[in-house]
1. Report, ordered by the first and then the second residue, all pairs with beta carbons closer than 7 Å, sequence separation of six or more or different chains, a first member in the stretch 41-61 that is within 15 Å of Ile14 (Cα to Cα), and a second member that is among the small types (Gly, Ala, Ser) and crowded, with 18+ Cβ neighbours inside 10 Å.
2. Using the structure shown, decide if Lys55 is at pLDDT 85 or above and surrounded by fewer than 17 Cβ atoms within 10 Å (Cβ to Cβ).
3. List the number of the failed condition for Phe47; all other conditions in (1) in a loop (DSSP other than H, G, I, E, B); (2) surrounded by 17 or more Cβ atoms within 10 Å (Cβ to Cβ); (3) of a type outside the set (D, E, K, R) hold.
4. Go through the stretch 8-23 and report how many residues are more than 14 Å from the chain's Cα centre (by Cα) and free of Cβ contacts under 8 Å to residues at least 12 places away in the same chain.
Amino acid sequence: EVLGVEKDASAKSIKTSYKSIALANHPDRNPDDESAVERFKEAAEAFEVLSDPEKRARYDRFGHAGLQGGGSGTHQPGFSDVGDIFSMFGD
């Protein structure tokens, strides 16, 4: 939903959509727009899940609950640092 791709989207289309959304909403390009920063974070989280076959399968089966850590359930998948997203591309 966040990335605007179909449930059966290929890894390539997920990556393409993510790059487009991430570039458009990057905090450096939108320094005074909190909603853009939030969209950027949501896109990063969605990409992290959809680009990992195991996480994607859990999400498809259980939704957000399938991504929660054990115990308190406070684990939120995503990036702790905006710069972390670029490590996923490897290009």
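The values are calculated or read from the model by the stated rules, or taken from the named source; none is laboratory data. All figures in this text were calculated on a predicted structure; none of them were measured in a lab. Don't worry about glycine lacking a Cβ; one is built from the backbone with ideal geometry, like all the others, and counts go over all protein chains shown.
1. Listed pairs, sorted by first residue: Ala43/Ala22; Ala44/Ala22.
2. Values: at pLDDT 85 or above: yes; surrounded by fewer than 17 Cβ atoms within 10 Å (Cβ to Cβ): yes.
In short, yes.
3. With respect to (1) in a loop (DSSP other than H, G, I, E, B); (2) surrounded by 17 or more Cβ atoms within 10 Å (Cβ to Cβ); (3) of a type outside the set (D, E, K, R), Phe47 is out only on (1).
4. Qualifying residue count for the region: 3.
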